[in-house]
Amino acid sequence: MSHQPFTAAALRGAVDLSSLKRPAQPAGPASGAASTSADGAGLVIEGTDATIRDVIAASDRHPVVMVLWSPRLQESADFVASFGAVARRYAGRFQLVTVDVDANPTILQAFQVQAVPVSFAFVQSQPVPLFEGVQPEAQITAIIDQVLALAAQHGVTGTVAAGDVAAAADEVEQEQPLPPLHQKAFDAIESGDLDGAAAAYREALAQSPADTDAKLGLAQVGLLQRTQGVDLQTARAAAAAAPTDVDAQILVADLDLLGGHVEDAFLRLIDTVRVTADADRNTVREHLVELFEVVGVTDERVVRARKSLMSALF
């Protein structure tokens, strides 16, 4: 999981949320956020295509964990029940959101889910892949503890009560505005203008070289620029055919990172370091270090990968 500050650029990180457009809200009492479960008092709620943006926005106040499942699969339904029991034991330290993928095709498409159940966390609207498949409660608890630690690092320590999702939607509108150049970059990303976003972040860094959010944003935008329009299968085939082709290996690593396969991306580049030399090796090393920055230098996967990189170099 990433331990870096989450910025606007991270909205298109591990999961592409661009298809989750906020629909027009109907008038009257029917408008609002997801309904709360009767026995969970808001600890366990249902997420839908119509409410998912508000559910994610709630992660600015408290950690949110989402499980995508299908009522057609009994083990999937049982897993949701087990996860709900865990959520209630944590007494509001995080909110569990369950999504029936059969009834919510937009969410299914946005998360590109191939099989259910699958679980994600959200902290400050940033998606963090957790695990696929059914997990025992002990494993769920261990992962939740990591999510809570990550959230605490970013000041997200609120607890869940009924109505929190709707309140979070109001709070988003009252948040402090981003610095002008960061807002410019965010708006450019939202409109698909990656060159404009990169230019805005570079301008921010020129004005303030210590702006870590701008540095991270520029690195993330660069990742998006390098992978825009690339066919994953074609890129993988090219990399498999040329193990020492630095550009081919870097491209697939970028695609893996963008898809949330962080360790696969790191391992590919470390293996490439082992089979290259001189300028090629240094190019791969420098790119890997940049990806470390994108993921977060204190992330456990980065710490492990740094040790592996040192072994590969020396």
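All of the numbers you see were taken from the coordinates with simple rules; none came from a lab. Everything numeric here is computed off the predicted structure, so don't read it as measured data. No Cβ is skipped: glycine too gets one built from the backbone with ideal geometry, and neighbour counts run over all protein chains shown.
One compactness figure for the range 218-314 is 0.99, namely its Cα radius of gyration divided by 2.2 N^0.38 Å. Judged by the ratio a/c of the largest to the smallest principal axis of the C-alpha gyration tensor, the range 193-259 counts as prolate, that ratio being 1.5 or greater while a/b is larger than b/c. A Förster radius of 30 Å, combined with the Cβ-Cβ distance separating Thr212 from Ser311, puts the computed FRET efficiency at roughly 0.60.
Compute log10 of I(q)/I(0) for the range 107-163 with the Debye formula, placing one identical point scatterer on every Cα and leaving out solvent, at q = 0.17, 0.30 Å⁻¹, to two decimals. Each listed q corresponds, in turn, to -0.68, -1.20.
What dipole magnitude, in Debye to the nearest 20, does the range 162-314 give about its Cα centre under +1 on Lys/Arg Cβ and -1 on Asp/Glu Cβ?
On the way: 13 positive and 27 negative charges, 179 e Å.
Around 860 debye, computed over the range 162-314.
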